[in-house]
Amino acid sequence: MSAFRDGLFDGRTVFVAGGTSGINLGIARRFAELGAYVAVAGRNPEKARAAAESIGRGAEGFSCDVRDYEAVRGVLERIHSARGPLDVVVSGAAGNFLAPVAGLSSNGFRTVVDIDLNGTFNVFKGCYDLVRKPGASLIAITAGQAVNPMPFQAHACAAKAGVNQLVRVLAMEWGPEGIRVNGLSPGPIAGTEGMARLAPTREIADALASRIPLRRFGEISEVAESAVFLSTSSAAYITGTILDCEGGSQLGDSRPRL
Ligand code: COA
Ligand code: NAP
């Protein structure tokens, strides 16, 4: 059950980088349901088109690689010229896989850092002069790996730790202009590509869920509600924070033990 009323985002413009599948698509869909014009972007133009169509309500799909600043900037400029200042910008594009450092090439490490961290820089830097001031809400989708080291995740841990610090620095630099910058850190979310890669079997997924304080994976819709909250007036004094939407996962293994 959502706490947000219909029409809450009427007339607002929302851009979601990496919004063509999974959690980010769910975030985009929720903003559209609440009345916003929504633009989603990913590398694959056909996937972007299909995502926008699945959202409906006038949503549009764009194709760009977040590793390419000029491409990201081009999409943001198109949205801005058609719609005016952007109200919400979500940077959610990411790449991940399980790999021990011994089995990870320099290019493999660089690729994930490039998508997650440099991509977030490109999205936020690219939108800076195109967002509503005051009032814009910028959200980076981060992960527990940013703070909790995890084997076979050196690339994601390093990239997302950088994302969290980028969020904090931008909150300080852009706060005076009325731009709020926050991170949103999902826990394990059911039915996503990320979890298919990190918990590829039912056994692994069940074992993981049994350790989470809330004893289940999260839902895409639950992360979407958190993204909406961060962009409402109820969060007007919240900036530079990382909101964990993760059932308590980061507290550690919550199974009773001696
Ligand atoms: N283990 C070790 N290295 C891997 C790997 C794996 N499972 N998968 C990819 N790599 C390495 C590649 O070998 C390559 O390094 P090399 O040139 O030294 O061989 C490097 O990563 C780049 O791979 P490439 O396939 O060229 O990258 P890409 O830019 O086409 O795709 C990925 C990026 C690899 C992150 C790809 O998995 C992707 O597109 N992911 C998006 C979806 C996703 O990850 N969703 C979950 C989000 S949490
Ligand atoms: P997903 O479905 O794989 O979504 C990734 C999105 O990013 C897609 O739209 C993809 O589209 C796009 N993308 C990937 N590389 C890109 C690039 N270089 N340039 C532009 N777009 C790119 O992933 P997900 O599992 O839902 O995860 C979404 C976010 O949540 C990520 O930031 C992830 O780190 C975070 N997260 C997920 C979980 C989880 O449980 N799944 C947990 C914690 C954090 P294209 O392939 O067309 O480019």
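In debye, nearest 20: dipole of segment 82-199 around its Cα centre with unit charges on the Cβ of K, R (+) and D, E (-)? Numbers along the way, then the final one.
Numbers: 9 positive and 7 negative charges, 15 e Å.
Dipole about the Cα centre, nearest 20: 80 debye.
For segment 38-159, the relative contact order comes to 27 percent (Cα pairs under 8 Å, sequence separation of at least 6).
Multiplying the residue separation of Arg215 and Phe4 by 0.36 nm and removing their Cα-Cα distance gives an extension gain of 73.4 nm.
Suppose only helical runs count, i.e. DSSP H with n ≥ 4. What mean residue ellipticity at 222 nm does that imply for the chain under -39500 (n - 2.57) per run, divided by all residues and rounded to the nearest 500 deg cm²/dmol?
On the way: 9 runs with 103 residues, N = 258.
Helices in the chain give a 222 nm mean residue ellipticity of -12000 deg cm²/dmol.
Using r as the Cβ-Cβ distance of Glu77 and Ala190, and R0 as 35 Å, what FRET efficiency do you calculate, to the nearest 0.05? Please report the intermediate quantities before stating the final value.
Numbers: r = 36 Å, r/R0 = 1.03.
With R0 = 35 Å, the Cβ-Cβ based efficiency is 0.45.
Sparsely packed loop sites in segment 149-258 (the trypsin sites (Lys or Arg not before Pro) outside DSSP H, G, I, E and B with at most 11 other Cβ atoms within 10 Å) comprise Arg257.
Local charge for Ala93 was computed over the other residues whose Cβ lies under 13 Å away, with Lys and Arg +1 and Asp and Glu -1, and equals -1. Accessible surface area normalised per residue over segment 107-157 is 39 Å², counting heavy atoms of protein chains with a 1.4 Å rolling probe. Less than 5 angstrom separates the built amide H of Phe62 from those of Val40, Ala41, Gly42, all sequence-distant by 5 or more or on a different chain.
Please give the length that would be gained between Arg255 and Ser233 if that part of the chain were fully extended, namely 0.36 nm times their separation in residues minus their C-alpha to C-alpha distance (nm, one decimal).
Full-extension gain reported as 4.2 nm.
Please check which bits of segment 218-255 a label hung off Arg202 would reach, taking the label as a point 7 Å along Cα-to-C-beta and the cut-off as backbone N under 19 Å. Within reach of a label on Arg202, which here means backbone N under 19 Å from a point 7 Å along Cα→Cβ, segment 218-255 contributes 218.
Electrostatic tally near Gly18: other residues with Cβ closer than 13 Å to its Cβ, Lys and Arg +1, Asp and Glu -1, net 0.
If I take every Cα pair under 8 Å that is 6 or more residues apart in the chain, average their sequence separation and divide by the length, what percent do I get for the relative contact order? Present the calculation step by step, with values, prior to reporting the outcome.
Values: 528 pairs, mean separation 46.3, N = 258.
Dividing the mean separation by the residue count of the chain yields 18 percent.
Please give me the summed charge of the neighbours of Glu70: other residues whose Cβ is under 12 Å from its Cβ, Lys and Arg +1, Asp and Glu -1.
Numbers: positive: Arg67, Arg73, Lys125; negative: Asp65, Asp68, Glu77.
Cβ neighbours under 12 Å give a net charge of 0.
Spatial offset of segment 22-72 relative to segment 215-244 amounts to 19 Å, using the alpha carbon center of each. Taking amide H atoms as placed 1.01 Å from N in the peptide plane, the amide H of Thr142 lies under 5 Å from those of Leu184, Ser185, each 5 or more residues away in sequence or on another chain.
The values are calculated or read from the model by the stated rules, or taken from the named source; none is laboratory data. From a predicted model like this one, the values you see are computed outputs, not experimental measurements. Cβ sites come from the backbone with ideal geometry, for glycine too, and all protein chains shown count toward neighbours. Surface accessibility is based on the protein's heavy atoms, side chains included, excluding ligands, DNA and RNA. Shrake-Rupley method; radii C 1.70, N 1.55, O 1.52, S 1.80 Å.
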